[in-house]
Amino acid sequence: MWRDLPGLIAGRILNGVGLGLMASTATTYLHDLHHEARPERTGSVLPGIVATAANLGGLASGPLVAGAAAEWLPTPLITTQAIFTLAMAGCLALVLSTPETVDLKLPAAQVRPAPRRPAAGGRSARPAR
């Protein structure tokens, strides 16, 4: 284990980056799910409120669970990690059971070829003056 201050700072930075990546993806997914369920409610603030509450609740539950485990459970470092491993397994099960928001039945977009450029040393497409 890396018990010095640089190890703690590196762990906090990696944890923050991971949470930031996860939170932005989850927020977008909540907006997509809300739009699929209620397409008539464009511009609704409900998905943003739910995402904010979930993010703040998730960020607040970490220190609470870790503090409770350190205070009342044996081997707090191992127990805390075991609790969060079980929580992640539960979250994985929820992710696997959520519906897909992308409509796979739509045809793929037709891609137009890029305009051709003249070969090196060739004539320009501009008219001569």
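Could you tell me whether Leu73 is touching a Ser or Thr at 6+ places or on another chain (Cβ under 8 Å) and farther than 24 Å from His31 by Cα? Before you say what the answer is, go through the steps one by one.
Numbers: touching a Ser or Thr at 6+ places or on another chain (Cβ under 8 Å): yes; farther than 24 Å from His31 by Cα: yes.
So Leu73 fits the description; yes.
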Per the filter on segment 16-46, residues under 18 Å from Phe84 (Cα atoms) and surrounded by 13 or more Cβ atoms within 10 Å (Cβ to Cβ) are Leu19, Met22, Ala23
For segment 1-33, which residues satisfy the criterion of being within 22 Å of the chain's Cα centre (by Cα) and either outside any helix (DSSP H, G or I) or under 12 Å from Asn55 (Cβ atoms) (or both)?
-> Leu19, Gly20, Met22, Ala23, Ser24, Thr25, Ala26, Thr27, Leu30
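Name the residues in segment 52-76 that are polar (S, T, N, Q) and assigned to a helix (DSSP H, G or I), would you? Please lay out each step first, then the result.
The first filter runs over segment 52-76 and keeps only residues polar (S, T, N, Q), leaving 52, 55, 61, 75.
Within segment 52-76, Thr52, Asn55, Ser61 qualify.
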Kindly provide the set of residues from segment 53-83 that are exposed (fewer than 14 other Cβ atoms within 10 Å of the Cβ) and of a type in the set (Val, Ile, Thr), ordered by number.
-> Thr75, Ile78
Over segment 7-36, the set of residues at pLDDT 80 or above and of a type in the set (Gly, Ala, Ser) is Ala10
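The values are calculated or read from the model by the stated rules, or taken from the named source; none is laboratory data. Since the structure is predicted, the reported quantities are computational estimates derived from the model, not experimental observations. Note: ideal-geometry Cβ built from the backbone for every residue, glycine included; neighbour counts use all protein chains shown.
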